[in-house]
Structures are given as C-alpha cells and as structure tokens.
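**Student:** I am attaching a structure below and will ask some questions about it afterwards.
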Amino acid sequence: MSQPIKIEPDTAVDLGDFDPDFHAGAADRAEAEAELDKNVRAMEHLASRLYAEHRQALLIVLQGMDTSGKDGTIRHALRGFNPLLCDVVPFKAPTETERDHDFLWRIHREVPARGRIGIFNRSHYEDIVTVRVRKLAPKRAWKLRFKAINGFERLLVHSGTTIVKCFLHISKDEQRERLQSRLDDPDKRWKFRVGDLDDRKLWDNFQQAYGDAIGRTSTEHAPWYIIPANTKWRRDLVVSRIVRETLERMDPRFPLEEEGLDGVVVE
Ligand code: AMP
Ligand code: MG
C-alpha cells in the first residue's frame, strides 16, 4: 500500500482515500525517533542560516480536526527552531475587530518576515472549512475565498516566502479516543471544549470541506501535504522530513563570504 503525501496541483482530494495509519516508510518507532532527532538538528542549523541570510522566509501552516496533533507537532517535530527566529501563531475564532475586516487581514500581518519562520496553528483555511461547515458565512462569501487564498499565497511566494501546508489526518475513531482521554486526564482537560463535540458530529462535512479545500489550494507554489497522523511518532517524522527537505531546497547561506571579510583579523 502506498499513498501520496504531497498533493499535486489540480487534484480532486477525497480524504477517504487517504489512510491515517499509512506507514509512510516508517515502520519502526526507535528508528523513526533517531531519524527525527537528526532532522531536528539539521533544521536547527538550516534555520540559523535562514536567519543570518535575511533574504527568505518560511511559513508552515498546520491544519487538522480537533486532537489531530497540531500542538504536538510543534512541540516535537518543530522543536529545533530557536525562538529568536521562529513565531508560532495560533488562530482562534476571529474577534469582532477581525470580523470587521476581510478574512486575510489578521493573517497577513502575522506572516514571517525575511529571515524568519512562521508556524500557523490553524490559519486562513478555517475561513473555507470551519466557516463553511458551521455555516458562519453564506456560500457566496466563502466560495470567493479559494481564489483569494491562491492569490495571497502567490504574493507571499513572490516576496521570498516558501509555504508548506500540512493537514494532520486522523480517523474518527482516533479522535474519539483522544477526546475521551482529554476528558479523563486532569492535565489535559483544559484543552477540551464542549464545542469540540459539535464539530465531531459534523465529522463527514469537515472531511468533505477539507478535501475540497486541499484539492483547490494545493498549488505549485504552496503545496499541501496530507500527513498520516493516527500515530504520533510517525506524524512527527513525516512532518520533520518535509520541513527539512523544504529548508534544504531553499538553501539559505551565511552571508559572510559576500562581505569580503576573509582574512580580517580582530586586534
Ligand atoms: P483551538 O485550536 O482548539 O484552540 O480552537 C480554536 C477554535 O477557533 C477552533 O474551533 C477553530 O475552528 C476556531 N476558528 C479559528 N479560526 C476561525 C475562523 N476564521 N472562523 C471561525 N472559527 C475559527
Ligand atoms: Mg480545540
């Protein structure tokens, strides 16, 4: 069994075709954790070059159903990024002020500046998924947003930002277990919202809306990756591979050589 992780442009995506337990070439936990450690160290180094180079930026978008592991991915797979050069930005339900602007207004001001890495914990994709499923805006409003998002992301790419979008794909059974353990574990209970159960009732609608969103916004310049996320260590490994490879392709360089500093001696 094999399935793509990276979604090619103009693909119709049915999440039912993607197995949240897909092995993704990682069968053994100890091996996966060793590879993750290596990736984390490589990413740490690449990020410091990105910061020093001060020419490009990296935006990582994390989406997924409740309990899909967005926080855990940041804590584990992306743990190597120095806080000096990395911003984690959570997007909650928009405030009244935010709702008085276009949906990209609050997003645009949080995108990473040159030399930096931005991690979006939820994002503008809420505005074509959650808003659609919970009927928070009429269809005529959200259906215009696919094009707006593709144009917005192209603008960022043209300005030197590389974009990676990860959908953390879990099964409905896995979500039941994770929600239940949030309820049962006093250390996790704070994460539980009664509203999570309402969203769970709309599971199929969410899967459909996510498939549609991913299919229509996976582009050459800003691809989507569907991460098999039922197993946490496998999820972390797959995300770390994608981010490491992306940073390697960006190939940030320390700027020193260009400054003619070779041979300068500090007295
Ligand atoms: P959490 O990520 O669990 O802290 O929850 C954040 C909540 O904010 C989720 O229920 C999201 O669906 C919701 N949310 C985030 N962005 C939007 C948006 N643009 N419109 C409506 N709800 C949103
Ligand atoms: Mg939540």
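**Student:** Which angle between 0 and 90 degrees, to the nearest 10, do you get for helix 232-250 versus the longest principal axis of the chain when only C-alpha atoms count?
**Tutor:** Roughly 40 degrees between the two axes.
**Student:** If I ignore ligands, DNA and RNA and count only protein heavy atoms, how much of Met43 is accessible to a 1.4 Å probe, in Å² to the nearest 10?
**Tutor:** 0 Å²
**Student:** Take every Cα pair under 8 Å in the chain that's 6+ residues apart, average their separations, divide by the length, and report that relative contact order as a whole percent.
**Tutor:** Details: 395 pairs, mean separation 98.4, N = 267.
Value for the chain: 37 percent.
**Student:** For the chain, with every protein chain kept in place, what is the accessible area per residue (1.4 Å probe, Å²)? Don't skip to the answer; put the middle values down first.
**Tutor:** Numbers: 14210 Å² over 267 residues.
Spelled out: the 1.4 Å probe surface of the chain, per residue, equals 53 Å².
**Student:** Angle, helix 145-158 long axis vs. longest principal axis of the chain, Cα atoms, 0 to 90°, nearest 10?
**Tutor:** Helix 145-158 and the main axis of the chain meet at about 10 degrees.
**Student:** In a Gaussian network model over the chain where Cα atoms closer than 10 Å are linked, find which of Ala148, Ala209, Ala222 has the largest mean-square fluctuation.
**Tutor:** Answer for the Gaussian network model of the chain: Ala148.
**Student:** Also, I was wondering about something else. Over 20 Å, how big is the tail of the calculated P(r) for the range 86-177, in percent of all Cα pairs?
**Tutor:** Value for the range 86-177 (Cα pairs over 20 Å): 43 percent.
**Student:** While we're here: Would you list which aspartates and glutamates come within 17 Å of Lys232, measuring only between C-alpha atoms, while excluding same-chain residues fewer than 8 positions from it?
**Tutor:** Lys232 reaches Asp19, Asp21, Asp28, Glu31, Glu33, Glu35, Asp37, Asp66, Asp71, Asp173, Glu174, Glu177.
**Student:** Report, in listed order, any pair from Lys92/Lys172; Lys38/Lys143; Lys38/Lys135; Lys139/Lys188 with a Cα-Cα distance greater than 32 Å.
**Tutor:** On the way: Lys92/Lys172 23 Å; Lys38/Lys143 42 Å; Lys38/Lys135 44 Å; Lys139/Lys188 36 Å.
Check vs 32 Å cut-off fails for Lys38/Lys143; Lys38/Lys135; Lys139/Lys188.
**Student:** Carbon and sulfur: what percent of the chain's accessible surface (1.4 Å probe)? Walk me through the numbers before you get to the answer.
**Tutor:** On the way: 7030 of 14210 Å².
Reported share for carbon and sulfur atoms: 49 percent.
**Student:** If you count the DSSP beta bridges with both ends in the chain, what percent of them are antiparallel, to the nearest 5? Don't jump to the answer; show the numbers that get you there.
**Tutor:** Values: 2 of 25 bridges.
DSSP beta bridges in the chain are roughly 10 percent antiparallel.
**Student:** Report the label-to-label distance for Glu177 and Ser159 in nanometres (one decimal), using points 7 Å from each Cα along the Cα→Cβ vector.
**Tutor:** 4.2 nm
**Student:** Can you sort Cys166, Cys86 by 1.4 Å-probe accessible area, starting with the largest?
**Tutor:** Details: Cys166 0, Cys86 20 Å².
The most accessible residue leads, giving Cys86, Cys166.
**Student:** Then there's this: For the chain, set up a GNM with springs between Cα atoms under 10 Å and report which of Asp187, Asp212, Asp28 has the largest fluctuation.
**Tutor:** Result: Asp187 has the largest fluctuation of those listed.
**Student:** Within the range 56-71, which residues have the backbone N less than 19 Å from the label spot 7 Å out from Ala93 along Cα→beta-carbon, could you tell me?
**Tutor:** Backbone N within reach: 64-67.
**Student:** If I model a spin label as a point 7 Å beyond the Cα along the Cα-Cβ vector, how far apart are those points for Glu267 and Glu8 in nm?
**Tutor:** Inter-label distance under the simple model: 6.4 nm.
**Student:** For the chain, what is one quarter of the convex hull surface built on the Cα atoms, given in nm²? Show your work: numbers first, answer last.
**Tutor:** Numbers: hull surface 69.7 nm².
For the Cα atoms of the chain, the hull's average projected area reads 17.4 nm².
**Student:** Most mobile of Arg182, Arg216, Arg55 per a Gaussian network model of the chain (Cα springs, under 10 Å)?
**Tutor:** Arg182
**Student:** Sticking with this one: At 222 nm, what helix-only mean residue ellipticity would the chain give, in deg cm²/dmol to the nearest 500, using -39500 (n - 2.57) for each DSSP H run of four or more?
**Tutor:** After summing the helix terms and dividing by residue count, I get -13000 deg cm²/dmol.
**Student:** Mind listing which trypsin sites (Lys or Arg not before Pro) in the range 217-267 are in a DSSP loop and have 15 or fewer other Cβ atoms within 10 Å? Write down the numbers at each step before the final one.
**Tutor:** Values: sites: Lys232, Arg234, Arg235, Arg241, Arg244, Arg249, Arg253; in loops: Arg253.
Here the sparse-neighbourhood loop sites are Arg253.
The values are calculated or read from the model by the stated rules, or taken from the named source; none is laboratory data. None of these values were measured; they are calculated from a predicted model. As a convention, Cβ positions derive from the backbone with ideal geometry for all residues, glycine included, and neighbour counts pool all protein chains shown. Calculation scope for accessible area: heavy atoms of the full protein, side chains included, ligands and nucleic acids excluded. Shrake-Rupley method; radii C 1.70, N 1.55, O 1.52, S 1.80 Å.
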